[in-house]
């Protein structure tokens, strides 16, 4: 997997089909790119970081060949890294542009978050994918943006409406992922490196535009607030653990206090609110139909047993104003 292919993935440059192919007696397939795309890639500043990484790999191989552990450790500490912030801003100048292209990013991050630790799959990228996808799910729940959901053998299909843009993604079932030799995990890793940066930008803009604190913070229970400083710190760490975040059962903290939040009045028009149509992608809903959908499970409490997937059900039920509970001993 060469650096040029990685650069093409990060910059969103894809190969093209040649109009006139010359017949050649060779079994090696050729990949064609437009000349303007190659010139466009030649001015990217991240190329120099790729050269630094190539030098790093040569030095690392040389140090391992000499079996000099101190040299290996010193080289590993000076490993070059690169940021993709400028590429994300260049490809998606506005939030609407980013929302239109979120389908693949969400599906890839949800898939990558299911993998276990291995040499080809860095643990930091897996944990980052997990955290960003959970932040997005929290936003969808708090804003009641979920519109449709469907279960198949491939996983859970979701459809949400955010700022008038329809976003569809798939979440795999929570099973152990076996490594398939036909899949190139280096290509998947490169896509995920870009998508986690992209998803981080989108989550930040969505949270800030809706007056939520980012990174998300959750309401603390009364038991934590009554404890001393040391006990409070330990309890807070336990409260904000991955298991608590994965529970998807805690509201987000808003920048505006609940008592100070402004309630929007519901004015009647000449035709009435039932006749006011609101477009959501390909579907058209009235205001009251949307309100009814968002409060589908309002006033209902669901008790989840261990035979069912807690995360998926909790996400769907809370997205439609329901409440969820379970036996803590079963999910310890």
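The values are calculated or read from the model by the stated rules, or taken from the named source; none is laboratory data. Please read all numbers here as calculations on a predicted model, not as lab measurements. Virtual Cβ from ideal backbone geometry, glycine too; neighbours counted across all protein chains shown.
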Only listed residue being closer than 30 Å to residue 4 by Cβ, modelled with pLDDT of 95 or more and not in a strand (DSSP E or B), chosen from 198, 191: 198
Residue check, residue 188 in contact (Cβ under 8 Å) with a residue 12 or more places away in the chain, under 18 Å from the mean Cα position of the chain (by Cα) and either surrounded by 13 or more Cβ atoms within 10 Å (Cβ to Cβ) or closer than 21 Å to residue 163 by Cα (or both): yes
Check on residue 179, touching a helix residue (DSSP H, G or I) at 6+ places or on another chain (Cβ under 9 Å), surrounded by fewer than 17 Cβ atoms within 10 Å (Cβ to Cβ) and at pLDDT 90 or above: no
Residue match in segment 128-142 (condition: farther than 19 Å from residue 192 by Cα, more than 17 Å from the chain's Cα centre (by Cα) and at pLDDT 90 or above): no
Test: residue in segment 291-313 that is assigned to a strand (DSSP E or B), modelled with pLDDT under 80, surrounded by 11 or more Cβ atoms within 10 Å (Cβ to Cβ) and touching a helix residue (DSSP H, G or I) at 6+ places or on another chain (Cβ under 7 Å): no
Test for residue 70: is it over 19 Å from the mean Cα position of the chain (by Cα) and surrounded by fewer than 11 Cβ atoms within 10 Å (Cβ to Cβ): yes
One residue from 10, 111 being under 23 Å from residue 187 (Cα atoms), within 25 Å of the chain's Cα centre (by Cα), modelled with pLDDT of 85 or more and assigned by TED's automatic domain parsing to the domain that holds residue 169: 111
Hey, residue 126 in contact (Cβ under 8 Å) with a residue 12 or more places away in the chain, assigned by TED's automatic domain parsing to the domain that holds residue 101, under 24 Å from residue 291 (Cα atoms) and crowded, with 17+ Cβ neighbours inside 10 Å or not: no
Test: residue in segment 63-70 that is touching a helix residue (DSSP H, G or I) at 6+ places or on another chain (Cβ under 9 Å), without any contact (Cβ under 8 Å) to a residue 12 or more places away in the chain and within 23 Å of residue 192 (Cα to Cα): no
Within segment 77-92, tally of residues that are under 17 Å from residue 52 (Cα atoms) and surrounded by fewer than 12 Cβ atoms within 10 Å (Cβ to Cβ): 5
